[in-house]
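The values are calculated or read from the model by the stated rules, or taken from the named source; none is laboratory data. Keep in mind it's a predicted model, so treat the numbers as computed, not measured. Every residue, glycine among them, receives a Cβ derived from its backbone with ideal geometry; neighbour counts consider all protein chains shown.
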Amino acid sequence: MTIRSFRKWIRNIYGTLEDELDCEAVALVIPHYVDLRVAGEQPEGSFPKVSQHLAQCSECCNLYHALYDMALIESQEGRLQTARSEQVQVESEFERVVMASPHVTVES
């Protein structure tokens, strides 16, 4: 065991609380925890026991990071779809205005 892993092990021992969540309970809450984080909120305030567990459990922490990364990608894709939809609406409105204008001649 290296000094670094020993220190982490000791910190985890001293960071242990009387009433902790197990991995199964944390796994049930992680999706909501991730949603709050992606929304720009601070889930640590609402779920301090989950935050404490994530700080100590590498497996749950890895799960959290994987879900968070996927949620960010989905969020970005959703914004892209919204932007594309808005672009189509603007182009359609522009075409409608141009076609209705008596001062514009459209060549075919």
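Pairs under 6 Å by beta carbon, first residue without any contact (Cβ under 8 Å) to a residue 40 or more places away in the chain and assigned to a helix (DSSP H, G or I) in the stretch 34-53, partner of a type in the set (Gly, Ala, Ser) and loosely packed, with under 15 Cβ neighbours inside 10 Å, six or more apart or different chains?
From residues that are without any contact (Cβ under 8 Å) to a residue 40 or more places away in the chain and assigned to a helix (DSSP H, G or I), the pairs are 38/75.
Filter the stretch 59-94 down to the residues that are polar (S, T, N, Q), over 12 Å from the mean Cα position of the chain (by Cα) and under 17 Å from residue 31 (Cα atoms) and list them by number.
First, the residues of the stretch 59-94 that are polar (S, T, N, Q): 62, 75-76, 81-82, 85, 87, 89, 92.
Retained after the next criterion (residues that are over 12 Å from the mean Cα position of the chain (by Cα)): 62, 81-82, 85, 87, 89, 92.
Within the stretch 59-94, 62 is the sole residue that qualifies.
Being at negative phi, modelled with pLDDT of 90 or more, touching a Phe, Trp or Tyr at 6+ places or on another chain (Cβ under 9 Å) and of a type outside the set (Gly, Ala, Ser) is the requirement here; does residue 65 meet it?
Numbers: at negative phi: yes; modelled with pLDDT of 90 or more: yes; touching a Phe, Trp or Tyr at 6+ places or on another chain (Cβ under 9 Å): no; of a type outside the set (Gly, Ala, Ser): yes.
So residue 65 fails the test.
Taking the stretch 1-39 only, how many residues are among the small types (Gly, Ala, Ser), at pLDDT below 85 and surrounded by 10 or more Cβ atoms within 10 Å (Cβ to Cβ)? Show your work before the answer.
First, pick out the residues of the stretch 1-39 that are among the small types (Gly, Ala, Ser): 5, 15, 25, 27, 39.
Applying the additional criterion that residues be at pLDDT below 85 yields 5, 15.
Filter again for surrounded by 10 or more Cβ atoms within 10 Å (Cβ to Cβ), leaving 15.
Total meeting the criteria: 1.
For the stretch 23-33, which residues satisfy the criterion of being free of Cβ contacts under 8 Å to residues at least 24 places away in the same chain and farther than 14 Å from residue 72 by Cα?
Our first condition is that a residue be free of Cβ contacts under 8 Å to residues at least 24 places away in the same chain; within the stretch 23-33, this holds for 24-25, 28-29, 32.
Those that are free of Cβ contacts under 8 Å to residues at least 24 places away in the same chain and farther than 14 Å from residue 72 by Cα: 24, 25, 28, 29.
Report, ordered by the first and then the second residue, all pairs with beta carbons closer than 6 Å, sequence separation of six or more or different chains, a first member in the stretch 54-81 that is assigned to a helix (DSSP H, G or I), and a second member that is of a type in the set (Phe, Trp, Tyr).
Every condition considered, the pairs that remain are 54/64.
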